[in-house]
Amino acid sequence: ELQCCSDVPSAGGLQWCRNNDACNVYVETDVWTGGCQPELNYTQAVAFCAMHGARLCTAAEVMSGCTGGSGCGFNNELVWTSTVPPAAHYAGCGSAGGCDISGDYYSDDTILHVQCCADAEPADGGAVWVQNSGCSALHTRDPCAGSMVYGAADAYCSGIGGRLCTQAELTAECGRDTGCAYNSELLWSSTLPPVGWTQTTPGTTAALTSAATTAAQDTSAAATTAQGTTGAASTAPQTPLPTLPPAGTLHAVACATGDSDARCAVNGEGSAYVDDNTLHELRCCADTSDAGGLVWSGPRPDCTVYVETDSWPEGCQANVTYAQATSLCSQYDARLCTAAEVLGGCTRGSGCAFDDDLIWTSTAPPAVHYARCGSNSADCPHAAGYFDDTTINYVQCCADTVPSGATDVWQQNNGCGVFHTRGECAGSRTYDDASQFCEGIGGRLCTASEVASRCGQGTGCQYDFELVWTSTLPPVNWTSPAASTVLSASSTIAATATPAPTPSAPTSSQTAVPATSATPVPLAMTYHAVTCGSGSAATCTGETAAYVDDSTLHELQCCSDVPTAGGLQWYRSN
């Protein structure tokens with residue numbers, strides 16, 4: 001149902017009421033033409049209030065009693081509000097009673113462990129799925145995802161065909177026994193806080209601890225050395241992670257022992273492309289055994305590089321940035337190891353007990369990002385995948401909040417915590433151009449998870465059946481297949497034997513609607529007027545001219561400016 005709020009008593013030329021003297025807002029439910037408005041979707045509700053110079057009430061206004069008794073008998077009904085979910089989700093222990101930290105709602109930028117659930121076993125996600133006794137959902141048994149922020153956790157589970165478990169599923173231990181030693185760790189869930197929830201205790205968003213993150217909060221040399229020599233993981237609760245400098249370039253961190261991240265999974269970590277300002281352990285590689293006048297270990301079997309971790313005067317180096325890591329290696333005529341060398345086991349056992357930790361590598365992300373169909377529909381004619389950044393794909397932009405001073409229309413799809421553009425048609429572009437376009441209007445490219453959840457769907461640009469760019473990079477160990485599927489500028493699929501195809505120049509068919517078996521019905525997000533066909537309201541019994549949702553059903557009459565349009569005979573009625 002709908003109740004609208006106004007900050008003035010005469011918005012839209014109507015008379016608004018203040019139902020509670022303790023509130024600074026005016027409320028109405030039925031003073032407009034059309035009367036009470038039950039059963040509207042969110043977009044319809046926003047548009048209806050805006051038509052009358054008003055807005056949706058906030059959840060706080062409604063829950064404070066500011067809208068009670070405003071008409072239409074809606075006191076016992078749920079009414080729309082403008083309040084979006086907070087950037088927080090529930091995290092609970094992998095096993096009942098197994099954690100020192102209680103389950104609670106945690107800020108989405110907290111680092112917590114990841115367990116994925118699925119209602120049915122995905123056809124092809126590369127994961128092992130099992131079902132605990134008494135549970136209807138399946139959970140992953142392998143591989144180990146490690147610990148990450150909520151958005152990355154959500155994207156990870158979506159990427160293997162699953163989803164994050166719900167709070168109820170974690171409470172019922174439906175995610176227990178992953179094989180990753182997560183039973184005593186807090187795991188992300190998909191469950192949002194209740195409406196009206198506020199974070200009152202700063203420590204509520206405590207991140208799980210690991211050897212690397214614990215030491216990162218103490219920058220003293222003593223703490224760093226101690227961490228480097230013991231490698232022991234703390235189990236104490238941890239305050240929120242420190243705020244990092246603005247995001248810069250990315251490089252890969254990889255598990256120092258190789259082993260496909262299995263050893264690092266014990267600490268809840270996994271190989272990933274991370275910001276150069278984050279803190280990780282250091283091992284250096286050299287192409288000679290006496291680089292920098294030091295004695296280097298190796299090479300290990302099947303490896304050609306020499307490795308060291310602590311033979312320099314500075315000793316073990318835990319929790320250093322990428323720039324610090326690069327600088328120290330270069331001081332001794334060495335370099336950071338590549339991700340391939342680390343994942344190949346070439347740095348294993350070289351000191352400082354770092355085998356269970358992520359270490360810096362020199363490997364930058366490939367010029368590749370994930371693209372998938374804008375609607376996540378089974379009817380999409382294009383296959384999703386990782387595409388070379390020079391490929392021409394379409395653009396959907398997202399934003400966590402409506403950008404300040406935005407001149408574009410931003411709207412929020414049901415069930416989504418982000419906004420997307422409506423009516424700002426960017427066409428098809430390379431990845432860099434697409435990213436710059438979104439940044440230019442105050443947003444960003446949507447993530448793979450957001451597109452999969454249809455949070456960018458309904459741009460009004462007919463991109464629902466086109467491949468759209470996302471900001472999601474491939475995994476560190478990803479390699480380009482022998483043949484890639486790429487979207488050309490003319491919206492056709494072409495196979496090429498090279499992983500980095502050269503796109504053809506954009507053509508006028510960039511925004512053409514792809515041929516499909518049926519034209520998709522427009523989403524309930526745009527409005528147009530319907531009026532009585534006779535021109536006289538009196539002849540439309542029980543109906544009145546109004547702005548209605550584009551997906552509702554009405555009769556059709558067409559107009560033409562010439563009497564022979566389309567080879568037909570047209571009539572002038574008046």
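The values are calculated or read from the model by the stated rules, or taken from the named source; none is laboratory data. All figures in this text were calculated on a predicted structure; none of them were measured in a lab. Cβ atoms come from the backbone with ideal geometry, glycine included; neighbour counts cover every protein chain shown. Surface accessibility is based on the protein's heavy atoms, side chains included, excluding ligands, DNA and RNA. Shrake-Rupley method; radii C 1.70, N 1.55, O 1.52, S 1.80 Å.
Using the eigenvalues of the Cα gyration tensor, what equivalent ellipsoid semi-axes result for region 95-148 when each is taken as the square root of five times the eigenvalue, whole Å, largest first?
One finds semi-axes of 23, 15, 10 Å for region 95-148.
Give the Debye-formula value of log10 I(q)/I(0) at each listed q (0.16, 0.23, 0.24 Å⁻¹), with one equal scatterer per alpha carbon of region 255-353, two decimals each.
-0.63, -1.33, -1.43
Per the 1.4 Å probe, what fraction of the accessible area of region 106-175, in percent, lies on carbon and sulfur atoms?
48
Of all GluC sites (Glu not before Pro) in region 1-77, which ones are in loop regions per DSSP and have a Cβ with at most 12 other Cβ atoms within 10 Å?
Sparse-neighbourhood loop GluC sites (Glu not before Pro): E39, E77.
Estimate the FRET efficiency between N24 and W197 by the formula 1/(1 + (r/R0)^6), using the beta-carbon distance for r and 22 Å for R0, to the nearest 0.05.
Calculated value: 0.45.
Taking amide H positions as placed in the peptide plane 1.01 Å from N, state which residues far from S147 in sequence (5 or more) or on other chains have amide H under 5 Å from it.
Amide H neighbours of S147, under 5 Å, 5+ apart: E269, G270.
How would S189, S480, S10, S107 rank on accessible area, largest to smallest, probe 1.4 Å?
The ranking, largest first, comes out as S10, S480, S107, S189.
Just to verify a number: FRET efficiency for T249 and T304, C-beta to C-beta distance, R0 = 25 Å, to 0.05?
The computed FRET efficiency comes out at 0.35.
Please report, as a whole percent, how much of the solvent-accessible surface of region 288-361 comes from carbon and sulfur atoms (probe radius 1.4 Å).
The nonpolar share, carbon plus sulfur, comes to 49 percent.
Pairs of alpha-carbon atoms within less than 8 angstrom and 6+ residues apart define the contacts here; what relative contact order does region 106-180 have, in percent?
This gives 41 percent for region 106-180.
Once fully extended, how much extra length lies between Q436 and Q324, figured as 0.36 nm per residue of separation less the alpha-carbon to alpha-carbon distance?
37.4 nm
Taking only the alpha carbons of region 393-465, what extent do you get along each of the three principal axes, in Å, biggest first?
Here the spans come out as 30, 29, 20 Å, largest first.
To the nearest 20 Debye, how big is the dipole of region 1-124 about its Cα centre, given +1 on the beta carbon of each Lys and Arg and -1 on that of each Asp and Glu?
With only Lys, Arg, Asp and Glu charged at Cβ, the dipole is about 540 debye.
Probe of 1.4 angstrom, ligands and nucleic acids ignored: what's the accessible area per residue over region 94-203, in square angstrom?
I get 45 Å² per residue for this part.
Using a Förster distance of 35 Å, how high is the FRET efficiency between N132 and S480, based on the Cβ-Cβ distance and rounded to 0.05?
With R0 = 35 Å, the Cβ-Cβ based efficiency is 0.40.
Shape call for region 302-421 from the C-alpha gyration tensor, a ≥ b ≥ c root eigenvalues: rounded (a/c under 1.5), prolate (a/b greater than b/c) or oblate?
Prolate.
Taking only Cα atoms of region 1-141, what ratio of Rg to Rh do you get with Rh as the Kirkwood inverse-distance radius?
1.19
At a 1.4 Å probe radius, carbon and sulfur cover how many percent of the accessible area of region 404-445?
With neighbouring chains kept in place, the figure for region 404-445 is 40 percent.
Quickly rank 51-57, 292-298 as a protection proxy: mean count of other C-beta atoms within 10 Å, highest first.
51-57, 292-298
Once the piece of chain linking N414 and S184 is laid out straight, how much longer is it, given 0.36 nm per residue of separation minus the C-alpha distance between them?
Gain in length upon complete extension: 79.4 nm.
Using 0.36 nm per residue, how much length does the chain from S82 to C425 gain when fully extended, once their Cα-Cα distance is taken away?
120.9 nm
If you average the alpha carbon positions of region 67-134 and of region 288-314, how far apart do those two centres end up, in angstrom?
Here the answer is 48 Å between Cα centres.
Averaged per residue, what accessible area in Å² does region 270-367 show with a 1.4 Å probe, protein chains only?
Using a 1.4 Å probe on heavy atoms only, each residue of region 270-367 averages 39 Å².
Would you please report the Å³ per residue occupied by the convex hull of the alpha carbon atoms in region 1-77?
79
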